[in-house]
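As structure tokens, the structure follows; a few thoughts come after it.
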Amino acid sequence: LNWNETPVGAIAILADPLQYLTSLTSLNFGNNQIRFEGMKILAPVLQHLTSLTSLNLGKNRIGVEGMRILAPVLQHLTSLTCLNLSGNEIGDEGMRILAPVLQHLTSLTSLDLGWNKIGDEGIKLLAPGLQHLVCLRNLDLTSHQIDNEKSNLCDLLELMPNLTRVKVDSDIYV
């Protein structure tokens, strides 16, 4: 379902049968530009897909309001190992919403939060949630507004010794 720029009406059509695929392990709904309106339809369906290990919702421009709807659902997807929320325009406020949910996603090995306009404040807000992700190996924070104050990012990374790949801007730190 990737790269379709799926209209809201099509999401509504897909939503009903999708909720019955309870053994589904991977869902790639990235690059569809579903925005907040589409997330209102998709989020209630996702709560039934508790077998998901990989969820790509990247580049959907859901915004902070979309994150408010998605976050309560994510906490029930405890089997997730890969989560892509890149390019959703959620910013620092989105990190405030996401951070408490991360404590439920302890199986995550890969988390992509790139291209979300996260600033230093967002990194501070995210840090407590990331501390619970003991299995996390890959963290993508590409293209954020943390250039001037990387101290919070450094402090965060010190708390996560199991990381093997961190991407910030176009730099990859191992």
Selection from segment 120-174 of residues that are more than 16 Å from GLY94 (Cα to Cα), at pLDDT below 85 and part of a loop (DSSP other than H, G, I, E, B): ASP147, ASN148, GLU149, LYS150, LEU159, MET160, PRO161, ASP169, SER170, VAL174
Residue ID - farthest from GLN75 (Cα to Cα), chosen from residues in segment 32-56 that are β-branched (Val, Ile, Thr) and out of contact with any His (no Cβ under 9 Å at 6 or more places or on another chain): ILE34
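Would you please name the residue that is farthest from ARG61 (Cα to Cα), looking only at residues in segment 20-35 that are among the polar types (S, T, N, Q) and under 18 Å from the mean Cα position of the chain (by Cα)?
We begin by selecting, within segment 20-35, every residue among the polar types (S, T, N, Q); these are 22-23, 25-26, 28, 31-33.
Applying the additional criterion that residues be under 18 Å from the mean Cα position of the chain (by Cα) yields 25-26, 28, 31-33.
Working: THR25: 23, SER26: 21, ASN28: 15, ASN31: 9, ASN32: 9, GLN33: 6 Å.
Result: THR25.
The values are calculated or read from the model by the stated rules, or taken from the named source; none is laboratory data. For clarity, every value in this text was computed on a predicted model and none was experimentally measured. In this analysis, Cβ positions are derived from the backbone assuming ideal geometry, glycine residues included, and neighbour counts consider all displayed protein chains.
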